[in-house]
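Novice: The following block contains the structure, expressed as structure tokens.
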Amino acid sequence: MKAREAFHLWLERREVRRLFGNPGSTEVPMLVGLPARVRFTLGLQEAAVVAMADGYAQAAGRPALVELHAAPGLGNAIGALFTAWKNRTPMVVAVGQQDSRHLHLEPLLAADMAEMARGAVKGVVEPARPEDVAAAFERAWRLASTPPGGPVVVVVPSDFWDGPAESGMAEAGRVEAPGTPPHEAVEELARRLRGAGSPALVVGAAVDRAGAAGLAVELAERLGAAVWGDPLGPRASFPRDHPLYRGELMPGAPRIAQALLGSDFVLVVGAPAFLVYPFLPGPLVPPGSELWLLTDDPAEAARAVAERVLLGGVRASLEALLERVGEEQRGPEGLPPRGGLAERAWQRAEAARARGRMGVPFVLETLRALLERPLAAGEEGWLVVDEAVSASPLVRRWLATEPGGYLTAASGGLGWGLAAAVGAKLARPERRVLAVVGDGAFLYAPQALWTASQEGVALPVVVLDNGGYAILKSYAAAYYPGRADATPGLELPGLDPVRLAEALGGRGVRVEAPADLAPALAGAMEARGPFVVDVAVDRSVPHLFE
Amino acid sequence: MLAALFREHDLVVATTREEAEREIGDAEVLVSTAFHPLTADLLERAHRLRLIQVAGVGVDHVDLEAARARGVTVAAVAGANAVSVAEHVVMAALALLRGLVRSDRALHAGEWPLADWMGGAHDLAGRTVGVVGMGRIGREVAARLLPFGVGLLYHDIRRLPPEEEAALGLTCADLDGLLASSDLVTLHLPLTPETRGLLDAQRIGRIKPGAFLINTARAELVDEAALAEALRSGRLAGAALDVFHPEPPPRDHPLRGLPNVLLTPHGAGVTVEAQERIAQAAVQNVIRWLDGRPLADVVLEGAPR
Ligand SMILES: Cc1ncc(C[n+]2csc(CCOP(=O)(O)OP(=O)(O)O)c2C)c(N)n1
């Protein structure tokens, strides 16, 4: 058996059904004769390839397999890999190396790929012999999918694929995820939570990834705890309409401390404690309150501003904690029984106010009105993939209402959202997926539209087109008042997202009049392939850093 | 001048009950205001009466049964006061949120209530306003409040079409949901057997703690004793009331004398401009009648002419 055949066997054992990639000569030996059960999904630029795989893995809840071409392909993909790592997305990334027999000459395309990748990924595996290729993929798979998930690169010299393999090397073994932290620690945590005068929970992406939002709700209700979303959280981990939900924390140290002021005990679950940007001086935790962290991520544990960290599986730990906390309910009495009503009233009023100037609230409310319909039995709600940048806080407020319904990049890197939405829809064709992106963000990896059209991916893409990098204008205005105009490179004239979409096999329409918006969005939702709605939104610079 | 409009007809003005009793026997058309009730015994004398045109929005002061028995048509003036009431509600909302009345009283009494002001003056922006009754006035109120940056809930037996809700920025809610979620509740519905006592003690108890109530509609919509109690206890932060039961309210009426209540004498809809609009509309209707054209805002259809 050749290494390639052993790899094919491994693909079957791991039930891999899709391989996202962009090939080059060094990967042809890997791809030749790929079993028909594994669909090769071609992306035309590596950033799009990795981001599609990321969205796919997150929506499917299992690792994605990726192929990249040598040093240039890896180079193009680094930003997206960095994002996948921050997203904690399990991903195995095969990168072709030059033929090992002349590597010492540093031939075309060759580089130390392990070194190139290392700062941006969870790990690198380099099989030393053809016999180890399949085992290297298994190792990468296990490493990628053990919490915290992340991309693991496998560097394979091109000649290895036709080399000999040893059977039995690459079983699809199981790694059981870490379970509950030590009993006494859980016990102590439960005691602290029960004993607190006004406990608070900060709920982060690992909760949603573990499908444990329901447990977080249960915990919050039993404790009557105030609940916050983690700063810049890449997922929705708590129902936004819940009366105990207070909103998401702002990613600035004093802002976080201010929000948590008055909570004598804070438990952060499944999030870094804390993700901050931009820099603001001050404490993260308010004086007089104690903060603990529950995480499945040792690195998060190490850098947290927590007095105590419980390392364990998020789901299992929450279950154990609920058991210890007991059944008694402390909330949400005293709060309005329908916390969402006032919020929805404000949103709808805000949308009416924003209509005339085509403000983002009007666009989002129009979208939401189209999305909000009764679900069929067993049907899941919409999934919104957000790279709306300056409008992201609004996208979260309007559309990230339910756990499992929202994705954004945890890294701050652009060029992810559109492609990730394509990948998510590939993983979950029956689900309503949509992308909401800035005009700037749209252009970092638009090639994903081509893949979407080739694969018949029905994806509405809403481009909030404000003609520039609004968030950077906002930043400049806040940090250098009066000198914002002196910052070059923040305008985007002469772009046509609709024609770009059409050139890549999709369709699109530009919307300038408020009355045209709802029909355009409805049309995009009915389209068979990718459909870009390029909305000429309000260009005034929002105040995001003041 | 009016006489000139009503060529060929005599115009008689009655300002007292006695004058009315004397003149009503000859009158074919009666223009009436709420200050003088048209009771059954008065209508008894109106042998020739065919039309009662109310120069106002409400017809509570007309004994409609007596009118019906005599085949008299009753018409009112709808909408002429909507703008005035809506402006009044905006004024009341801002005044309540700022603690305007309390501060004004203190200043007149020689104090400098800045500390009190700073502890209790609030913005309207960001608040949720609940509008109960989304008729003509409710809509005017909502349209004027929208630019203040508020959220708007409304409750009505009839829901507006979705496009209209979206254009006005309105969110429909059941009454209890509205009461529990609004920082400010304003009433704009007619008094009917169904709405009498709508805000009883139980419903008042469901209003969000610390919220404000504005009533420019009818006093009988609210249990005044329960309201006074909620205001006294601080359960409600304040109220602006334009209507009372009875009117005028006696000196010891429970809603008089509370520090957090803003009172006006059932005048929200009768600004000078509104009075002009009402008078014009009433005269217009009378001319229609005299010309044999159909009337606007008919409340009670009389015997055919
Ligand atoms: C790969 C990458 N390049 C550059 C940036 C820097 N950056 C952050 S926000 C932004 C502008 C985004 O513009 P747009 O998507 O139009 O959204 P807007 O700010 O206008 O809402 C840029 C260029 C980045 N985050 N990632």
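The values are calculated or read from the model by the stated rules, or taken from the named source; none is laboratory data. Only a predicted model underlies this, so the values are computations on that prediction, with no experimental measurement involved. FYI the Cβ positions are ideal-geometry reconstructions off the backbone, even for glycines, and counts take in every protein chain you see.
Novice: Among A:G79, A:G55, A:G150, A:G119, which is the only one that is free of Cβ contacts under 8 Å to residues at least 40 places away in the same chain and under 27 Å from A:R235 (Cα atoms)? Spell out the reasoning first.
Specialist: On the way: A:G79 fails: free of Cβ contacts under 8 Å to residues at least 40 places away in the same chain; A:G55 fails: free of Cβ contacts under 8 Å to residues at least 40 places away in the same chain; A:G150 fails: free of Cβ contacts under 8 Å to residues at least 40 places away in the same chain.
None of the other options fit; the residue is A:G119.
Novice: One residue is enough: does the range A:54-71 have a residue meeting the conditions over 14 Å from A:A420 (Cβ atoms), part of a helix (DSSP H, G or I) and of a type outside the set (D, E)?
Specialist: So the first thing to find is which residues in the range A:54-71 are over 14 Å from A:A420 (Cβ atoms), and the list is A:61-63, A:65, A:67-71.
Still in the list and also part of a helix (DSSP H, G or I): A:70-71.
From what's left, of a type outside the set (D, E): A:70-71.
Yes, some residue in the range A:54-71 is over 14 Å from A:A420 (Cβ atoms), part of a helix (DSSP H, G or I) and of a type outside the set (D, E).
This table checks each residue for (1) of a type in the set (A, V, I, L, M, F, W, C); (2) under 19 Å from A:G288 (Cα atoms); (3) modelled with pLDDT of 95 or more.
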{"position": "A:L193", "(1), (2), (3)": "yes, yes, yes"}
{"position": "A:A200", "(1), (2), (3)": "yes, yes, yes"}
{"position": "A:G204", "(1), (2), (3)": "no, no, yes"}
{"position": "A:D208", "(1), (2), (3)": "no, no, yes"}
{"position": "A:L215", "(1), (2), (3)": "yes, no, yes"}
{"position": "A:D230", "(1), (2), (3)": "no, no, yes"}
{"position": "A:R235", "(1), (2), (3)": "no, no, yes"}
{"position": "A:P239", "(1), (2), (3)": "no, no, no"}
{"position": "A:L244", "(1), (2), (3)": "yes, no, no"}
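Novice: Got at least one residue in the range A:354-372 being away from the ligand (no atom under 16 Å from the Cβ), buried (at least 21 other Cβ atoms within 10 Å of the Cβ) and of a type in the set (G, A, S)?
Specialist: Looking for residues that are away from the ligand (no atom under 16 Å from the Cβ), buried (at least 21 other Cβ atoms within 10 Å of the Cβ) and of a type in the set (G, A, S), one finds none in the range A:354-372, hence no.
Novice: Separate question: Which residue is surrounded by the most Cβ atoms within 10 Å (Cβ to Cβ), if the candidates are limited to the range A:471-511 and must be within 26 Å of the chain's Cα centre (by Cα) and of a type in the set (V, I, T)?
Specialist: A:I471
Novice: I'd like to check which helices (runs of 4 or more DSSP H) are fully inside the range A:270-366 and have at least 2 residues that are within 14 Å of chain B (Cβ to nearest Cβ) and under 29 Å from the mean Cα position of the chain (by Cα).
Specialist: Working: elements: A:298-303, A:314-325, A:339-354.
Output list reads A:339-354.
Novice: Same structure again: Any residue in the range B:180-198 that is more than 22 Å from the chain's Cα centre (by Cα) and in contact (Cβ under 8 Å) with a residue 24 or more places away in the chain?
Specialist: From the range B:180-198, those more than 22 Å from the chain's Cα centre (by Cα) are B:180-181; that's our starting set.
With in contact (Cβ under 8 Å) with a residue 24 or more places away in the chain added as a condition, the list becomes B:180-181.
Scanning the range B:180-198, I find at least one residue that is more than 22 Å from the chain's Cα centre (by Cα) and in contact (Cβ under 8 Å) with a residue 24 or more places away in the chain, so the answer is yes.
Novice: Select, from A:V28, A:V50, A:V32, A:V66, the only residue that is among the β-branched types (V, I, T) and within 15 Å of the ligand (Cβ to nearest atom). Spell out the reasoning first.
Specialist: On the way: A:V28 fails: within 15 Å of the ligand (Cβ to nearest atom); A:V32 fails: within 15 Å of the ligand (Cβ to nearest atom); A:V66 fails: within 15 Å of the ligand (Cβ to nearest atom).
From the options A:V28, A:V50, A:V32, A:V66, the qualifying one is A:V50.
Novice: Being in a strand (DSSP E or B), under 22 Å from the mean Cα position of the chain (by Cα), more than 16 Å from the ligand (Cβ to nearest atom) and under 20 Å from A:S390 (Cα atoms) is the requirement here; does A:L434 meet it?
Specialist: On the way: in a strand (DSSP E or B): yes; under 22 Å from the mean Cα position of the chain (by Cα): yes; more than 16 Å from the ligand (Cβ to nearest atom): yes; under 20 Å from A:S390 (Cα atoms): yes.
For A:L434, the condition - in a strand (DSSP E or B), under 22 Å from the mean Cα position of the chain (by Cα), more than 16 Å from the ligand (Cβ to nearest atom) and under 20 Å from A:S390 (Cα atoms) - is met.
Novice: Determine which member of the set B:L199, B:L213, B:L189, B:L178 is closer than 17 Å to B:R158 by Cβ, surrounded by 21 or more Cβ atoms within 10 Å (Cβ to Cβ) and away from every other protein chain (no Cβ under 14 Å). Talk me through it step by step, then tell me what you get.
Specialist: On the way: B:L199 fails: closer than 17 Å to B:R158 by Cβ; B:L213 fails: closer than 17 Å to B:R158 by Cβ; B:L178 fails: away from every other protein chain (no Cβ under 14 Å).
Exactly one residue qualifies, and that residue is B:L189.
Novice: Are there any strands (runs of 3 or more DSSP E) wholly within the range B:198-305 with 3 or more residues that are modelled with pLDDT of 95 or more, and if so which? Quick ask: steps written out before the conclusion?
Specialist: Numbers: elements: B:212-215, B:238-241, B:261-263, B:298-300.
In the range B:198-305, B:212-215, B:238-241, B:261-263 are the strands (runs of 3 or more DSSP E) which contain 3 or more residues that are modelled with pLDDT of 95 or more.
Novice: Applying the selection to the range A:397-409, what residues are out of contact with any strand residue (DSSP E or B) (no Cβ under 6 Å at 6 or more places or on another chain) and either surrounded by fewer than 23 Cβ atoms within 10 Å (Cβ to Cβ) or not in a helix (DSSP H, G or I) (or both)? Outline the logic, then answer.
Specialist: Taking the range A:397-409 and keeping what is out of contact with any strand residue (DSSP E or B) (no Cβ under 6 Å at 6 or more places or on another chain), we get A:397-398, A:401-404, A:409.
Within the range A:397-409, A:R397, A:T401, A:E402, A:P403, A:G404, A:A409 meet the criteria.
Novice: Of all residues in the range B:38-54, which are loosely packed, with under 13 Cβ neighbours inside 10 Å and not in a helix (DSSP H, G or I)?
Specialist: B:H47, B:R48
Novice: Shifting gears a bit: Could you tell me which of the residues B:G149, B:G126, B:G71 is at positive phi and in contact (Cβ under 8 Å) with a residue 60 or more places away in the chain?
Specialist: Values: B:G149 fails: in contact (Cβ under 8 Å) with a residue 60 or more places away in the chain; B:G126 fails: in contact (Cβ under 8 Å) with a residue 60 or more places away in the chain.
Just a single option satisfies the conditions, and that option is B:G71.
Novice: Report, ordered by the first and then the second residue, all pairs with beta carbons closer than 7 Å, sequence separation of six or more or different chains, a first member in the range A:405-428 that is within 14 Å of chain B (Cβ to nearest Cβ), and a second member that is within 14 Å of the ligand (Cβ to nearest atom) and not acidic (D, E).
Specialist: Pairs found: none.
Novice: Considering only residues that are of a type in the set (D, E) and under 30 Å from A:F279 (Cα atoms), look in the range A:512-546 and name the one that is surrounded by the fewest Cβ atoms within 10 Å (Cβ to Cβ).
Specialist: Quick first cut of the range A:512-546, residues of a type in the set (D, E) only: A:512, A:516, A:526, A:534, A:538, A:546.
Going one step further and asking which of them are under 30 Å from A:F279 (Cα atoms), we end up with A:538, A:546.
On the way: A:D538: 20, A:E546: 9.
In this case the residue turns out to be A:E546.
Yes/no matrix, rows are residues, columns are (1) within 16 Å of the ligand (Cβ to nearest atom); (2) closer than 17 Å to A:G204 by Cβ:
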{"residue": "A:A376", "(1), (2)": "no, no"}
{"residue": "A:V385", "(1), (2)": "yes, no"}
{"residue": "A:A388", "(1), (2)": "yes, no"}
{"residue": "A:A391", "(1), (2)": "yes, no"}
{"residue": "A:V395", "(1), (2)": "yes, no"}
{"residue": "A:E402", "(1), (2)": "no, yes"}
{"residue": "A:A410", "(1), (2)": "yes, yes"}
{"residue": "A:G415", "(1), (2)": "yes, no"}
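Novice: Let me ask another. Tell me the residue from A:A520, A:A515 that is more than 15 Å from the ligand (Cβ to nearest atom), away from chain B (no Cβ under 14 Å) and either within 20 Å of A:F362 (Cβ to Cβ) or not in a loop (DSSP other than H, G, I, E, B) (or both), please.
Specialist: On the way: A:A515 fails: away from chain B (no Cβ under 14 Å).
Result of the check over A:A520, A:A515: A:A520.
Novice: While we're here: Determine, yes or no, whether B:V29 is in the same structural domain as B:A296 (by TED's automatic domain parsing), under 19 Å from B:V77 (Cβ atoms) and within 18 Å of the chain's Cα centre (by Cα).
Specialist: Details: in the same structural domain as B:A296 (by TED's automatic domain parsing): yes; under 19 Å from B:V77 (Cβ atoms): yes; within 18 Å of the chain's Cα centre (by Cα): no.
No, not satisfied.
Novice: Mind counting the residues in the range A:442-464 that are within 16 Å of A:V360 (Cα to Cα) and within 8 Å of the ligand (Cβ to nearest atom)?
Specialist: Number of matching residues: 1.
Novice: Do we find that B:A230 is more than 12 Å from the chain's Cα centre (by Cα) and either of a type in the set (D, E, K, R) or farther than 19 Å from B:A92 by Cα (or both) in this structure? Outline the logic, then answer.
Specialist: Numbers: more than 12 Å from the chain's Cα centre (by Cα): yes; either of a type in the set (D, E, K, R) or farther than 19 Å from B:A92 by Cα (or both): no.
Judged against the criteria, B:A230 is not a match.
Novice: Could you grab me the full set of residues in the range A:81-103 that are polar (S, T, N, Q) and part of a helix (DSSP H, G or I)?
Specialist: Step one: filter the range A:81-103 for residues polar (S, T, N, Q), giving A:83, A:87, A:89, A:97-98, A:100.
Answer for the range A:81-103, where residues must be polar (S, T, N, Q) and part of a helix (DSSP H, G or I): A:T83, A:N87, A:S100.
Novice: Follow-up. Do you know which residues across the range A:470-494 are in a loop (DSSP other than H, G, I, E, B) and either among the polar types (S, T, N, Q) or within 10 Å of the ligand (Cβ to nearest atom) (or both)? Spell out how you get there, then give the answer.
Specialist: Residues of the range A:470-494 that are in a loop (DSSP other than H, G, I, E, B), as a first pass: A:480-483, A:487-490, A:492-494.
Scanning the range A:470-494 gives A:T487, A:G489, A:L490, A:L492.
Novice: Within the range B:84-130, count every residue that is within 14 Å of another protein chain (Cβ to nearest Cβ), surrounded by 18 or more Cβ atoms within 10 Å (Cβ to Cβ) and among the small types (G, A, S). Show your work before the answer.
Specialist: Here is the first cut: in the range B:84-130, the ones within 14 Å of another protein chain (Cβ to nearest Cβ) are B:123-130.
Retained after the next criterion (residues that are surrounded by 18 or more Cβ atoms within 10 Å (Cβ to Cβ)): B:124, B:127-130.
Add one more test, that the residue is among the small types (G, A, S), and what stays is B:130.
Number of matching residues: 1.
Novice: Continuing with this model, one more query. Would you say A:R348 is buried (at least 21 other Cβ atoms within 10 Å of the Cβ) and modelled with pLDDT of 95 or more? Break it down stepwise before answering.
Specialist: Details: buried (at least 21 other Cβ atoms within 10 Å of the Cβ): yes; modelled with pLDDT of 95 or more: yes.
Criteria met by A:R348.
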